[in-house]
Amino acid sequence: MHSQFSPYKQFLRQYESFFTSLHAERIFAYRFGCEQTTDQIVLPLLKNEQVSSFGQLIQDYESALSSVTLGGPTSFEPIISRAIELQNTHAPGLEPSILLLLTDGDASNIQREQNILNELQQQNLVCCAVGFGDDPFYVFRAIFGKGKIKNFCFGDFGNETELFSNVFGQINNLKK
């Protein structure tokens, strides 16, 4: 997946207290865009898709480092579809859910991503995507260049303050 000192792990550790403060009842952890999933499916990060806490998520991520091989291409459609399915199954009509999506690669198909983002806009779910590495994320920037996407926020690693501000703005809009 990444080296033991990955920016993903740095991000998770840096924001562990923040995400823990959200008091999430259910935390699901998946991998996507790796050699085993390519751009077609998502798989649980480890054996179980649900983890007991954000701290457990970090431990599972560390355990998965040695067994997951990066691959491609990348599509966010499978993970966003899975998040929509989980929201509709476990929390319909309840508080909005947050999908935290950490990625080091841009989407490979702009139309496929646009379609799932259109579906996302009808959900009680906010997707917070954080881009890592030196990928310029042209597909996401092209989508955002067409106008604001409801229920979706994207930002680069290192600029989380603005990103999280946008996420909470989106959540507050869903609560209205």
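The values are calculated or read from the model by the stated rules, or taken from the named source; none is laboratory data. Values in this document were obtained by computation on a predicted structure and should not be read as measured data. So basically every Cβ, Gly included, is an ideal-geometry build from the backbone, and we count neighbours across all protein chains shown.
Restricted to segment 71-88, and to residues there that are part of a helix (DSSP H, G or I) and of a type in the set (S, T, N, Q), the residue that is surrounded by the fewest Cβ atoms within 10 Å (Cβ to Cβ) is 88. Does residue 101 count as out of contact with any Lys or Arg (no Cβ under 8 Å at 6 or more places or on another chain) and assigned to a helix (DSSP H, G or I)? In short, no. Across segment 139-160, the qualifying residues are those that are at pLDDT 80 or above and not in a strand (DSSP E or B), and the one among them that is farthest from the chain's Cα centre (by Cα) is 150.
The residue that is farthest from residue 8 (Cα to Cα), among those in segment 120-138 that are in a loop (DSSP other than H, G, I, E, B) and not hydrophobic (A, V, I, L, M, F, W, C), is 122. The residues of segment 32-65 that are touching a residue at least 40 places away in the same chain (Cβ under 8 Å), in a loop (DSSP other than H, G, I, E, B) and not acidic (Asp, Glu), listed by number, are 32, 33, 37, 42, 65. I need the full set of residues from segment 100-128 which are of a type in the set (A, V, I, L, M), within 16 Å of the chain's Cα centre (by Cα) and either modelled with pLDDT of 85 or more or surrounded by fewer than 19 Cβ atoms within 10 Å (Cβ to Cβ) (or both), in order please. Residues satisfying the conditions are 100, 101, 102, 116, 117, 120, 125, 126.
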